[in-house]
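The values are calculated or read from the model by the stated rules, or taken from the named source; none is laboratory data. Given the structure is predicted, the values throughout are model-derived calculations rather than measurements. Every residue, glycine as well, gets a Cβ built from its backbone with ideal geometry; the counts of neighbours run over all protein chains shown.
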Amino acid sequence: MPGEVKVMHRPEADASYVRAITKGLGVTLKHFMRPDKPTQQYPDEKWELAPRMRGTHRMAVHEDGRAKCVGCGLCPTVCPVNCIKLVPAEDENGERYAAVYEIDEFRCIFCGYCQEVCPVEAIHLGVHYENAEYSRERWVYDLERLCELDHPVTALWDPADRASE
Amino acid sequence: MEAISGTAFVVATALKAVVFFLMLLIGVALSTYVERKVAGFIQDRSGPNRVGPLGLLQVVADGLKFILKEEVEPGAAHRKFFLLAPVLSLFPATVLFGVIPLGSPLPTPWGRIDMIVADVPIGFLYVLAIASLGVYGIVMAGWSSNSKYSFLGGLRGSAQMISYEIGLAMSLVPVLMLAGNVEMPVLVAMQQSYSEGPATYGAWFVIPLLLSAFFLLVSGLAETNRVPFDLPEAEGELVGGYHTEYSSMKFGMFFLGEYAHLITTGALISVFFLGGWDIPFWNGDNIRVLADGTVIGDPAWWKTLLTFAAFVAKTSFLVFFFMWIRWTIPRFRYDQLMDLGWKVFLPSLMAYIMIIAVAVYSLDVAGVPLGVGYAAALFGLNLILLLLFLYVLDRGRLVRGATARTRVAVGQAARALEGDEHAG
């Protein structure tokens, strides 16, 4: 037996020149005339972000500007990628606070466990993106910077609200 | 009105040369922008729109980029020809623009100015001669770069352009048979209608020579090396083809050359087949200068402007059409390209020229006066021929895909093997 060569028997109508080209020109003209371009003019127009979108972290602060963090150590424990560095300390009143609190946003996978686990609702994920930097060091957010951020915080899942699932 | 002469003629010609050249360059710059807009719109994008109003300053940004980029010259390149090639690719397109009539004659206090830089008495032959020089830029670029990709691109380019040169020249022969003259302004005049003077057709040549226009359009696409005939460039296979090794403004020259060719080809097609600067259904713009200097018609400055606008509109439409084609059709395979040129266009054009010659002779013998009736008779003939041609071309009998050939080859191989078995 000769070698098994698979030959596609295309009908002649499919292999036409003129009709195919005319049809193609029609298709492109239709798209050319299309008034509604799906393009979004990104820096000018932005997406409406979902309330549960998980982005850049934020640290909640007290009215006097202190971070709400009590340095309990739950968030670095629960963090699956070890991107949170926490050194707790105690002040003269015996209140615990975070002496060092850094989040490496480059390493973070934005799972949101830190926000869920936080007993005092201090650390939050935020509805925010666009955090380009010129150096990798700038991606490590320290406590001061986390406190200064003011974008809306990510809403947690509400089991009562079926629509939010 | 007397034609301009003496010092005024020199000044006017110099001015025309500068102004028309600048217009061509602006047209080239704009067409790079329009090309990207068209591409964007066809692909449901919006195209360049960030730099300046509507993105129009994108052109300036690109120009700056070309000039400021680092210039890389391959060590093994043949320097002299490597430098000459980009110039040669831009040169024919710009020089061709000099013989294209852009509008009706302009009356001035010093005399009549024809809206054409050089009214060469052999205008048409000049067009063919210069157009065939376009291949040198590509061949030189491909060969002098000393790079395999460039070389392949150059080879493909030379083969393709020389093949389609024939289609280009032969598709214009019927125009000459109808016009009976090679001067470009006369070609335009023959497509207009006049109440006095020599008889003309009063119809754009696309009507009596429909099939010819089709051939010229396709050959023009091949001559400008644009999709579906962009094999010399073939960025998918040959990196960038003949201009692979070029950078900075030297590449920019090729880029400008391509668009200058595009505009010139559009302008030439509109002169040959779309009546040049003629405004359809209006006889007020029909101004003709006869060989002895008598002017038929009534020149005015606003008529010059209007006819120029008509010319720009026709050329722009053709340029848009070329762009439209580019963003619709994929590239030909190389053998298909050659088949189309040599096995389809050449014999069809030969037959077509014969048919048109016979038809013109018969119409003359039958005593049909030159005019719309004459054009209509030829149009009927052309329509039949065009439909016949498209029918044959469409059935894939002349240019067919790989399928049919594979089928034949496989059949032959199978028969050969069977024969061996019987023999053994």
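The table for this structure:
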{"quantity": "From the options B:224, B:264, B:200, B:244, residue that is more than 30 Å from residue B:22 (Cα to Cα) and among the hydroxyl-bearing types (Ser, Thr, Tyr)", "calculated": "B:200"}
{"quantity": "Sole exception among (1) hydrophobic (A, V, I, L, M, F, W, C); (2) part of a helix (DSSP H, G or I); (3) more than 17 Å from residue B:375 (Cβ to Cβ) for residue B:182, by number", "calculated": "(2)"}
{"quantity": "Residue B:321 within 14 Å of chain A (Cβ to nearest Cβ) and within 30 Å of residue B:152 (Cβ to Cβ)", "calculated": "yes"}
{"quantity": "Any pair with Cβ under 7 angstrom, 6 or more apart, that starts in segment B:157-174 at a residue that is free of Cβ contacts under 8 Å to residues at least 24 places away in the same chain and ends at one that is surrounded by 19 or more Cβ atoms within 10 Å (Cβ to Cβ)", "calculated": "B:158/B:135; B:158/B:138; B:158/B:139"}
{"quantity": "Filter result for residue B:314 (buried (at least 21 other Cβ atoms within 10 Å of the Cβ), at pLDDT 80 or above and touching a helix residue (DSSP H, G or I) at 6+ places or on another chain (Cβ under 9 Å))", "calculated": "yes"}
{"quantity": "Among (1) touching a Phe, Trp or Tyr at 6+ places or on another chain (Cβ under 8 Å); (2) closer than 25 Å to residue B:127 by Cα, the one test that residue B:269 misses", "calculated": "(1)"}
{"quantity": "Residue in segment A:70-80 that is touching a residue at least 60 places away in the same chain (Cβ under 8 Å) and farther than 30 Å from residue B:390 by Cα present", "calculated": "no"}
{"quantity": "Among the candidates B:138, B:130, residue that is β-branched (Val, Ile, Thr), in a helix (DSSP H, G or I) and under 27 Å from residue B:352 (Cβ atoms)", "calculated": "B:130"}
{"quantity": "Lone qualifier among A:7, A:27 - being within 8 Å of chain B (Cβ to nearest Cβ), modelled with pLDDT of 85 or more and loosely packed, with under 14 Cβ neighbours inside 10 Å", "calculated": "A:27"}
{"quantity": "Count of residues meeting criterion [of a type in the set (A, V, I, L, M) and touching a residue at least 60 places away in the same chain (Cβ under 8 Å)] in segment B:140-156", "calculated": "2"}
{"quantity": "Segments classed as strands (runs of 3 or more DSSP E), wholly inside segment A:32-109, with at least 1 members that are more than 14 Å from every other protein chain (Cβ to nearest Cβ) and farther than 25 Å from residue A:131 by Cβ", "calculated": "A:84-90, A:96-104"}
